[in-house]
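Colleague: One structure follows; several queries about it will come next.
The values are calculated or read from the model by the stated rules, or taken from the named source; none is laboratory data. Quick caveat, the model's predicted, so the values are computed rather than measured. Every residue, glycine as well, gets a Cβ built from its backbone with ideal geometry; the counts of neighbours run over all protein chains shown.
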Amino acid sequence: MILYPAIDLKDGQCVRLLKGDMSKATAFNDDPGAQAATFETAGAEWLHLVDLNGAFAGHPVNASAVESILRSVSIPTQLGGGIRDMATIENWLEKGLARVVLGTVAAENPSLVKEAARKFPGMIAVGLDARDGHVATHGWSEATEMTVTDLAHAYEDAGIAAIIHTDIDRDGAMGGPNVGATVALARQTQVPVIASGGVSSLQDLIRIRDTKVIAGAISGRALYDGAIDLGEALAALAT
């Protein structure tokens with residue numbers, strides 16, 4: 001199982017939100033490149049980035065911060081937030097991202113996502129952001145009637161690299177992940193599923209690993225707060 005340290009970007013800073021609420025942002029580092037390098041030095045194999053401003057604006061906003069991160073590390077990095085057309089996908093991949101995460105556009109324009117997956121094999125992930133089992137879009141601000149399972153099934157044969165399943169009401173709350181919902185999703189798709197939202201302890205990570213059906217986990221606030229020691233967690237997950 002891969003552990004993805006999260007760097008959420010708001011106004012050029014590394015922050016964490018509480019349940020996706022932009023008004024409840026806690027800043028942890030004003031140097032995203034340095035934060036990324038710290039995670040790499042601790043042994044991270046991947047990084048997960050989110051352009052929070054971009055998710056609401058519908059286009060990249062924290063581009064300079066992302067580019068700083070890409071210059072600062074050599075490990076593969078994935079980015080979501082504000083990526084809603086082919087030109088933006090191509091631009092980010094050309095700049096050195098290993099993978100882009102498509103959320104809103106995955107719900108609203110499946111043909112674009114499938115085209116991107118064909119054009120860039122292994123480099124397109126779908127972000128399924130869920131509240132009460134239903135997909136939310138536009139920076140989690142808009143609810144849809146679509147279930148997470150239905151949307152996942154729509155991409156079963158599209159060739160996407162991964163599905164990132166985020167339980168919005170767990171995100172940033174340090175209350176533990178919704179392992180049951182993520183396991184249920186993982187058992188209904190052949191696409192690798194990554195758990196996100198609420199991962200707050202080493203025990204949470206071990207519980208996710210021990211399901212044997214979840215391919216990865218994303219953690220942010222717990223790493224910044226020190227509730228999870230990245231080096232210790234990576235060592236534990238490797239056993």
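Colleague: Confirm whether Ile75 is out of contact with any Gly (no Cβ under 9 Å at 6 or more places or on another chain), within 18 Å of Trp46 (Cα to Cα) and without any contact (Cβ under 8 Å) to a residue 60 or more places away in the chain.
Modeller: Here the answer is yes, as Ile75 does meet what is asked.
Colleague: Could you list all residues from the range 192-239 that are crowded, with 21+ Cβ neighbours inside 10 Å, at pLDDT 95 or above and assigned to a loop (DSSP other than H, G, I, E, B)?
Modeller: Matches in the range 192-239: Ile214, Ile228.
Colleague: Follow-up. Which residue, of Gly82, Gly33, is of a type in the set (Gly, Ala, Ser) and outside any helix (DSSP H, G or I)?
Modeller: Gly82
Colleague: If you check every pair at least six apart or on different chains, which have Cβ atoms under 8 Å apart with a residue in the range 216-239 that is of a type in the set (Ser, Thr, Tyr) first and a residue that is modelled with pLDDT under 95 second?
Modeller: The qualifying pairs are Ser219/Val199; Ser219/Ser200; Tyr224/Cys14; Tyr224/Arg16; Tyr224/Phe28; Tyr224/Asn29.
Colleague: Could you check the range 87-119 and list, in sequence order, the residues that are surrounded by 15 or more Cβ atoms within 10 Å (Cβ to Cβ), hydrophobic (A, V, I, L, M, F, W, C) and either in a helix (DSSP H, G or I) or touching a helix residue (DSSP H, G or I) at 6+ places or on another chain (Cβ under 6 Å) (or both)?
Modeller: Matches in the range 87-119: Ile89, Trp92, Leu93, Val100, Leu102, Val105, Ala106, Ala107, Leu112, Val113, Ala116, Ala117.
Colleague: Continuing with this model, one more query. Is it the case, given these coordinates, that Ala36 is under 16 Å from the mean Cα position of the chain (by Cα), within 25 Å of Leu202 (Cβ to Cβ) and hydrophobic (A, V, I, L, M, F, W, C)?
Modeller: Answer is yes for this residue.
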